[in-house]
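What follows draws every value from the coordinates through simple rules; no lab data is involved. This structure is a prediction, so every number in the text was calculated from the model and none was measured. Every residue, glycine among them, receives a Cβ derived from its backbone with ideal geometry; neighbour counts consider all protein chains shown.
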Amino acid sequence: MPLTFREVIERVTIDVSRAHFWDITAVSALDKVILKFRREGTETEVVGLNEASATMIDRFAVHDKPDADDSFASH
Amino acid sequence: MKSIRQEWFSNTRNDLLAGLVVALALIPEAIAFSIIAGVDPKVGLYASFCIATIIAFTGGRPGMISAATAAMALLMVTLVKDHGLQYLLAATVLTGVLQIIAGYIRLGSLMRFVSRSVITGFVNALAILIFMAQLPELINVTWVVYVMTAAGLGIIYLLPYVTRAVPSPLVTIVVLTIVAIALDLDIRTVGDMGELPDSLPVFLIPDIPLTWETLAIIFPYSLTMMVVGLLESLLTATIVDDLTDTKSNKNRECVGQGVANVATGFIGGMAGCAMIGQSVINVKSGGRGRLSTLTAGIALLILIVFLGDWVAQIPMAALVAVMIMVSIGTFDWQSVIKLREHPKSSSIVMLATVLVTVFTHDLAKGVLVGVLASGFFFAAKVARILAIRSFTEDEGRQRTYVVTGQVFFASAEQFVNAFDFQRGD
C-alpha cells in the first residue's frame with residue numbers, strides 16, 4: 001500500500017459494556033481519552049456503561065460537564 | 001435456656017476429662033510463655049487460669065481454649081524490660097478494652113482480608129519466634145542441659161506410641177524433674193526464673209501513674225496485642241469450627257477476649273488469647289462445650305497452688321523441650337513443600353509475612369505487610385485482564401474501541417495508552 005493512504009477518523013465509539021470503571025483514577029482516565037479525541041476534533045461517544053460505572057462517571061467525570069474542555073486545557 | 005444447656009452440659013463427662021488434660025498441658029506452656037515475656041511464672045499461670053475461666057462464659061466459640069500465649073508474650077518483651085510488670089498489667093487491661101471496642105464495631109469481619117498465605121506466614125513466623133526464644137537456654141550451658149533436652153524430646157515424641165492416656169509433655173516434665181532431683185543436677189530450674197503462685201490471685205489495680213505519658217507508653221503495645229490476640233483467636237476459632245463442624249460467633253469472641261484480658265490485668269496476669277495447640281488438644285480429647293474450657297482454667301489454678309513447690313523444681317531443659325515441640329507442631333511444614341507449587345505471589349506473601357515478623361518480632365507488622373502484599377498482587381492480577389481492541393468502519397471514518405475488563409488505578413494508564421488519538425497516519 002502506498003504511503004498516500006490516510007485513515008481519517010471522524011467518529012470514535014468506545015464500547016464499555018464489558019468493562020467496569022471502579023474508581024476516580026479510572027474515571028479520569030476515561031475523561032482524558034475523550035477530551036484528547038475532542039481536541040483532535042474527533043466526535044466521541046461512550047456506549048454501554050453499566051450502572052455502577054455510570055454512577056461513578058456521573059459523579060466524578062468532567063468530559064460530560066458543560067465546561068469540560070476548559071478544565072482539561074487548564075491542566 | 002436450651003442453648004445454655006447445649007453449650008454447657010451436653011457433653012459433661014468428656015468436657016471434664018478433656019479440661020483436665022488441657023490444664024495439665026497448660027502448666028509448662030504458661031510458665032514458658034512467662035519466661036519469654038520476662039515476668040515471673042505466676043504472671044502467666046494466673047493469666048491462663050483467669051482467661052480460660054472467663055472466656056468459658058464470654059467467648060463466642062465453645063470448646064476453644066484461651067490462656068497466656070507465645071504470640072502475646074513475644075509482644076511484651078520490650079515493655080517489661082523497659083518499664084516493668086505494672087505497665088504490662090495496665091497494657092493488658094487496655095488491650096482488653098480495645099478488644100471489646102473491636103467486637104462492638106465488628107472489626108472481626110476484617111479477618112476476611114487476611115488471606116490463607118498470610119495465615120500460613122503468621123503461624124510459621126510464630127513457630128520460628130518460639131524456637132528462637134529457647135536459644136538463650138541452650139547457649140553457654142553444660143552438656144547436661146543438652147542431654148536433658150534431648151531426653152525430653154525423646155519422651156514427648158516416643159511416648160504417644162506407648163500410651164496416649166496422659167499428655168507426653170507432662171510426663172517429660174515429671175520424669176525430668178524427678179531425674180534432676182534424684183541426681184542433684186546443677187541446672188537451671190523454673191524456681192530460678194522467678195516467683196511461683198502460692199495463693200489464689202487477688203484483685204489489684206496496676207500501680208502506675210494515670211497520666212498521658214503512661215498511655216503513650218502502653219498504647220502502642222496494647223494496640224498490637226489487640227490485633228494479634230484477635231487474629232490468633234479468630235484463626236483458632238475457624239480451626240475449631242472446622243474440627244467440630246459447628247459455627248462460632250466471631251464478634252462475641254472479640255468482646256469475650258476483651259473481657260477476659262481486662263479481668264486478667266486486674267489480677268496480675270499477662271494478656272493472652274486463644275491457643276491453637278491447646279484447643280486442638282481439647283477437641284481431640286473429646287472437649288466440645290464451654291464446660292471443658294472452664295474445667296481447664298479451674299483445674300490449672302488448683303494444680304499450681306497445691307503443686308507450687310514441685311513446679312519450682314522443674315528443670316528449664318524440660319520446658320525447652322516442650323517449647324521446641326510447640327514450635328515444631330506450630331510450623332506448617334506442608335507450606336515449605338508447597339512453596340514451589342503455589343502461585344509465586346502467594347509464596348511471596350507468605351515469605352514476606354514470615355520475614356517481617358521474624359525481623360521485627362512483631363506478628364502484627366508481619367500480618368500488615370502480608371495483607372498489603374496480597375492486595376498489591378491482587379490489583380496487579382486484575383489489572384492484567386483489561387483488554388481493548390478496535391476496528392474501523394465506514395471506510396476508515398468511524399473507529400470503535402471495545403473495552404473488556406476492569407479499569408481502576410492499576411490499569412488506568414494501560415487504558416489510556418490503548419487509544420490512538422492521531423487523526424491520520
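Could you tell me how far the Cα centroid of the stretch B:214-250 sits from the Cα centroid of the stretch B:91-129, in Å?
About 4 Å separates the Cα centre of the stretch B:91-129 from the one of the stretch B:214-250.
How much length is gained on full extension from B:Thr244 to B:Val202, taking 0.36 nm per residue of separation minus their Cα-Cα distance? If you can, show how the numbers build up before the last one.
Working: separation 42, 0.36 × 42 = 15.12 nm, distance 3.60 nm.
Here the answer is 11.5 nm.
Under the Karplus relation 6.51 cos²θ - 1.76 cosθ + 1.60, θ = phi - 60°, what is the ordered set of whole-Hz ³J(HN,Hα) values for the stretch B:41-50, x standing for Gly and Pro?
Result, ordered by residue: x, 5, 5, x, 5, 4, 4, 5, 4, 5 Hz.
Order of B:Val255, B:Val114, B:Val336 from fewest to most other C-beta atoms within 10 Å?
Details: B:Val255 21, B:Val114 18, B:Val336 11.
Ranking B:Val255, B:Val114, B:Val336 by Cβ neighbours within 10 Å, fewest first, gives B:Val336, B:Val114, B:Val255.
Pulled fully out, how much extra length does the chain show between B:Phe113 and B:Asp420, if you take 0.36 nm times their separation in residues and subtract their Cα-Cα distance? Intermediate results must be reported in sequence, preceding the final value.
Details: separation 307, 0.36 × 307 = 110.52 nm, distance 3.87 nm.
Answer, rounded to one decimal: 106.7 nm.
Output wanted: per-residue J couplings in Hz (rounded whole) for the stretch B:379-384, from phi through Karplus 6.51 cos²θ - 1.76 cosθ + 1.60, θ = phi - 60°, x for Gly and Pro.
Result, ordered by residue: 4, 4, 5, 5, 4, 6 Hz.
From Cα pairs below 8 angstrom and at least 6 apart in sequence, can you work out the relative contact order of the stretch B:2-346, rounded to a whole percent? It would help to have the intermediate numbers written out before the result.
Numbers: 626 pairs, mean separation 153.8, N = 345.
It comes to 45 percent, rounded to a whole number.
Quick check for you: which residues of the stretch B:288-311 have the amide N under 14 Å from the point 7 Å beyond the Cα of B:Ala182 toward its beta carbon?
Correct set: none at all.
Calculate the FRET efficiency for B:Val147 and B:Gln398 from the Cβ-Cβ distance with a Förster distance of 60 Å, rounded to the nearest 0.05.
Numbers: r = 87 Å, r/R0 = 1.45.
Efficiency, from the Cβ-Cβ distance: 0.10.
Can you put A:Lys65, B:Lys250, B:Lys365 in order of Cβ neighbours within 10 angstrom, beginning with the fewest? Don't jump to the answer; show the numbers that get you there.
Values: A:Lys65 12, B:Lys250 21, B:Lys365 17.
The fewest-first ordering by Cβ neighbours comes to A:Lys65, B:Lys365, B:Lys250.
Need one number: convex hull volume per residue for chain B, Cα atoms only, in Å³.
Values: hull volume 85.6 nm³, N = 425.
It comes to 202 Å³ per residue, whole-number rounded.
Most fluctuating residue of B:Ala412, B:Ala383, B:Ala318 in a GNM of chain B with Cα springs under 10 Å: which is it?
Checking each option, the largest mean-square fluctuation is seen for B:Ala412.
For the pair A:Val8 and B:Leu210, how long in nm is the line joining their label points, each one 7 Å along Cα→Cβ?
8.5 nm
Using the Karplus curve 6.51 cos²θ - 1.76 cosθ + 1.60 with θ = phi - 60°, work out ³J(HN,Hα) for each residue of the stretch B:269-282 in order, rounded to whole Hz, and write x for Gly and Pro.
3J(HN,Hα) across the stretch B:269-282, in whole Hz: x, 8, 4, x, 6, 5, 10, 4, x, 5, 5, 5, 4, 4.
Please work out the ratio of the alpha-carbon Rg of the stretch A:12-73 to 2.2 N^0.38 Å and round it to two decimals.
Against the empirical 2.2 N^0.38 Å value, I get 1.05 for the stretch A:12-73.
Pull out the extension gain between B:Leu355 and B:Leu16, defined as 0.36 nm times the separation in residues minus the alpha carbon to alpha carbon distance; nm, one decimal.
Values: separation 339, 0.36 × 339 = 122.04 nm, distance 4.07 nm.
Difference between extended and current length: 118.0 nm.
Can you give the net charge of the other residues whose Cβ lies under 14 Å from the Cβ of B:Thr78, counting K and R as +1 and D and E as -1? Show your work: numbers first, answer last.
On the way: positive: B:Lys81, B:Lys365; negative: B:Asp82, B:Asp362.
Neighbourhood net charge equals 0.
How far apart, in nanometres, would the label points at A:Lys65 and B:Arg340 be if each is projected 7 angstrom from Cα along the Cα-to-Cβ direction?
Output for this residue pair reads 5.7 nm.
Could you work out, residue by residue across A:25-32, how many beta carbons of other chains sit within 10 Å of that residue's beta carbon, and then give the average as an integer? Don't skip to the end; give the middle numbers.
Numbers: counts 8, 9, 3, 2, 11, 5, 1, 4.
Counting Cβ atoms of other protein chains within 10 Å of each residue's Cβ and averaging gives 5.
How shielded is A:51-60 by partner chains, expressed as the average number of their Cβ atoms within 10 Å of its Cβ atoms? Each step should come with its number before you reach the end.
Values: counts 0, 0, 1, 0, 0, 1, 0, 0, 0, 0.
For this peptide, the per-residue mean of nearby foreign Cβ atoms is 0.
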